[in-house]
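**Student:** I am attaching a structure below and will ask some questions about it afterwards.
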Amino acid sequence: MTKSKEKRNNPAPAIVKKALIYFFLTLWAACVLFPFYWMILSSFKDYASYNAEFIPKFFTLTPTLENYKLAFTAVPLAKYFLNSLIFTLGTSVIMLAVTVLAAFAFARLEFRGKNLVFTIFLSLMMIPNELVIITNYQTITNLELRNTFTGLILPSVASVFFIYLLKENFEQVPDELYKAAKIDGTSDLKYLFKVLVPICRPTVITVLILKVIECWNSYVWPRLITDDSAYFLVSNGIQEIRENGFGRENVPAMMAAVVVISVPLIVIFLIFRKKIMSGVSRGGTKG
Amino acid sequence: MNSGLSKLIRKTEKPYIGLHGKIRQTKGDRLKTGGIERLTKYVSGSIIIMNFCLLGEDGMKKNSLKAWLYLLPAILFLGVFLVYPLIDVVVYSFEQGYNSASQSYFGTGIYNFSFVLHDSYFLQAVKNTFIMVIITVPVSTGLALLISLGLSSIKKLKELYQTIFFLPYVTNTLAVGLVFMILFRKTEYSEGLVNLLLNSFGMTSVDFIDGPYWAKMMVLCIYTVWIVLPFKILILTSALASVNKDYYSVAKLDGTSPSRTFFRITLPMISPMIFYLVITGFIGAFKSYSDAVAIFGTQLNEAGMNTMVGYVYDMLYGKSGGYPSYASAAALILFSIVLTITCINLLVSRKTQSKQES
């Protein structure tokens, strides 16, 4: 292609090119949004009319809340929801405490073998979860912690990556603050939670959000460790609903359950959009 | 407290840094260092001196103990749930006929590995996983690159598109998988939406959920791509935004064609990120499991759609479970494959990068 030809062609197709780009992006946006649209639409359709549609309709003129009522009464959706909430909160809080303490030790305290320990920690990041889950399953079973929140929470509270992330952030805080606090007679613990954590709040929140997303979507570990539906989390709950849910296959009610499960994270995402996206680009792994 | 602190800093900054500098200078001489440190603490209060008396002369010792205390929870959790299992899984994999109930076994050897490698379910799982990896990694990376290029060339509505594209990341894989299942499947009552779409293009309908192998594989791949794209778009969009704009200005001045600009400027600049995505994509795709469960249910072996990770879990738990030794052997085989492919990826990326530099 010669330069002159390129120049002659350029001005006119600029708009066409823009239009094509927008068309392409809109096409993918439609692909992303359509499943969400479909589940919301189906969840408002009446059971009888849904099954009567050989060709599914793209709208409904008689929206009903019956499916949502059914999702909360026929299956213990509220229980699943509550379990997930407890699991998510428990895991996040303990994880944060463990992580902050360890990160502080690496960032501010001097001790022999610090570099060695930190290197070992970093190398632990390479251990894949699938490899250790077998023994963890045995450990938790032997401790008779199956079908308890303790068993659900314990194995997922320590995260090397988050320790690393926080340590890097703690180190950026000027050392003088720490020394001043020491002269003041402030204890390390007080300094950590009154000064360091508030200063590093953005990173702390990022870590929290990533953990919450992970917890809300976790499926494998809860599936291994719970077989009593009183301890099912939402992911296992939805699988249970799918396999022997409403007595008969009731797609609209299933979709209502799916909507209920999906909404919390989407709301959190829309509120903390910027934080979540920057957090994921720093430390996300799904994909 | 903050303002008090900053005041203190201002007051103490100079002498303190001075001391600090001295400490640095005499770092090799531990006796002296301890002396200066002791001096500092002497000024700051008698309680600390008492501590010194209690804990001995070396200030490091006290700090060391405290540091280990801070690290203790992390070390405990990581030790019990990460390091010990890693060793244990290797032990398991060589114990023949391990019984979880009596916790006994009757021999050691490589029988577990040979059992797994001859198990038709495992071979099916390996085949499925490899097909999935080979399809989804290039498709998702390519698609993500196209979308990010599109995103970075527009200004209006960019944030809206970015928000929409990110949505699959924050959804529950199992829940949305159910929607995909409904969209793709064919029942007696309804052809399903995707099939109706196919029919309108003059194609015959297929049962994507219980039908032929390739149809099932296609749904799985489509769903996987749908799930993994947000992360890749996010990474590539920020990579594209970080390319120095001067390069483009110069290229424009020179009258460089857009395709040449792309291949000579954009691609080399973002290639580290592309390699990063390819490597993490490979690892992620090899470990995929819940997307398959989301679409085909928990009985993946019957559906013929099991993945390698799924095989590990099935060996451990559920209908066919109770064989941690087989599960361990399968997990180790899986990770030797992942490790090999990651190493190859790293080698290729290093070679390409060094070629670009020269």
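Readers should treat all values here as calculations from the given coordinates under stated rules, not as data from a laboratory. Bear in mind the structure is a predicted one, so any value in this text is a computation, not a measurement. Methodologically, a virtual Cβ is constructed for each residue, glycine included, from the backbone with ideal geometry; neighbour enumeration extends over all protein chains shown.
**Student:** Please identify every one of the chymotrypsin sites (Phe, Trp or Tyr not before Pro) in segment A:36-125 that sits in a loop by DSSP and has no more than 10 other beta carbons within 10 Å of its own beta carbon.
**Tutor:** The qualifying sites are A:Phe54, A:Phe58, A:Phe59.
**Student:** For a quick check: sort B:Asp210, B:Asp246 by the number of other beta carbons within 10 angstrom, fewest at the front.
**Tutor:** Arranged by neighbour count, lowest to highest, B:Asp210, B:Asp246 become B:Asp246, B:Asp210.
**Student:** Next up: Given Cα pairs under 8 Å that are at least 6 residues apart, what percent is the relative contact order of chain A?
**Tutor:** Taking the mean separation of contacting Cα pairs over the length of chain A, I get 31 percent.
**Student:** In nm, give the distance between the simple-model label positions of A:Val16 and B:Ile87, each being 7 Å from the Cα along the Cα-to-Cβ direction.
**Tutor:** Distance between label points: 6.9 nm.
**Student:** So, one more: Quick check: Cα centre of segment A:21-59 to Cα centre of segment B:116-166, how many Å?
**Tutor:** So the two Cα centres are separated by 22 Å.
**Student:** Which chymotrypsin sites (Phe, Trp or Tyr not before Pro) does segment B:194-257 hold that lie in a coil by DSSP with at most 13 other beta carbons within 10 Å?
**Tutor:** When the chymotrypsin sites (Phe, Trp or Tyr not before Pro) of segment B:194-257 are filtered for loop state and at most 13 Cβ neighbours within 10 Å, B:Phe201 remain.
**Student:** Right, next: What nm distance separates the two modelled labels at B:Phe130 and A:Asp46, each placed 7 Å from Cα along Cα→Cβ?
**Tutor:** For B:Phe130 paired with A:Asp46, the spin-label model returns 5.4 nm.
**Student:** State which helices in chain A qualify, where a helix is a whole DSSP H run, it must extend 20 Å or more along its own axis by its Cα atoms, and its mean Kyte-Doolittle hydropathy must be at least 0.0.
**Tutor:** Passing helices, by number: A:13-43, A:77-108, A:201-217, A:251-271.
**Student:** What FRET efficiency comes out for A:Tyr37 versus A:Ser278 if R0 is 25 angstrom and r is the Cβ-Cβ distance? Round to the nearest 0.05.
**Tutor:** 0.35
**Student:** Then there's this: Please compute, for the alpha-carbon atoms of chain A, the extent along each of the three principal axes and give them in descending order in Å.
**Tutor:** Between the extreme Cα coordinates on each principal axis of chain A lie 75, 74, 36 Å.
**Student:** If the viscosity is 0.692 mPa s and the temperature 37 °C, what translational diffusion coefficient in µm²/s does Stokes-Einstein give for segment A:30-152 when Rh comes from Kirkwood over Cα pairs?
**Tutor:** This corresponds to a translational diffusion coefficient of 164 µm²/s.
**Student:** On to the next question. Over segment B:279-343, with a single point scatterer placed on each C-alpha, what log10 of the ratio I(q)/I(0) does the Debye formula yield at q = 0.13, 0.22, 0.24, 0.27 1/Å?
**Tutor:** These q points yield log10 I(q)/I(0) values of -0.36, -0.91, -1.02, -1.14.
**Student:** Calculate log10 I(q)/I(0) of segment A:116-261 for q = 0.19 Å⁻¹, where I(q) comes from the Debye formula with a single equal point scatterer on each Cα and nothing for solvent.
**Tutor:** -1.16
**Student:** In segment B:110-159, what trypsin sites (Lys or Arg not before Pro) fall in a loop by DSSP, with at most 13 other Cβ atoms inside 10 Å?
**Tutor:** B:Lys155, B:Lys156
**Student:** Still on this structure, please answer the following. Which value, in debye to the nearest 20, gives the size of the charge dipole of chain A about its Cα centre, when Lys and Arg are +1 and Asp and Glu are -1 at the Cβ?
**Tutor:** Charge dipole of chain A: 1380 debye, to the nearest 20.
**Student:** Please report how far the C-alpha centroid of segment A:218-275 lies from that of segment B:302-343, rounded to the nearest whole angstrom.
**Tutor:** Each part's Cα centre sits 25 Å from the other's.
**Student:** Next up: Arrange the following residues from fewest to most other Cβ atoms within 10 Å of their Cβ: A:Ile127, A:Ile276.
**Tutor:** Result, fewest neighbours first: A:Ile127, A:Ile276.
**Student:** Points 7 angstrom from Cα along the Cβ direction at A:Leu122 and B:Leu72: gap in nanometres?
**Tutor:** 2.8 nm
**Student:** Something else: May I have the extent of the alpha carbons of the protein assembly as shown along their three principal axes, as whole Å values ordered from largest to smallest?
**Tutor:** 88, 80, 53
**Student:** For B:Gln96, list long-range residues whose amide hydrogen, built 1.01 Å from N in the peptide plane, is under 5 Å from its own amide hydrogen.
**Tutor:** Correct list: B:Phe106, B:Gly107, B:Thr108, B:Gly109.
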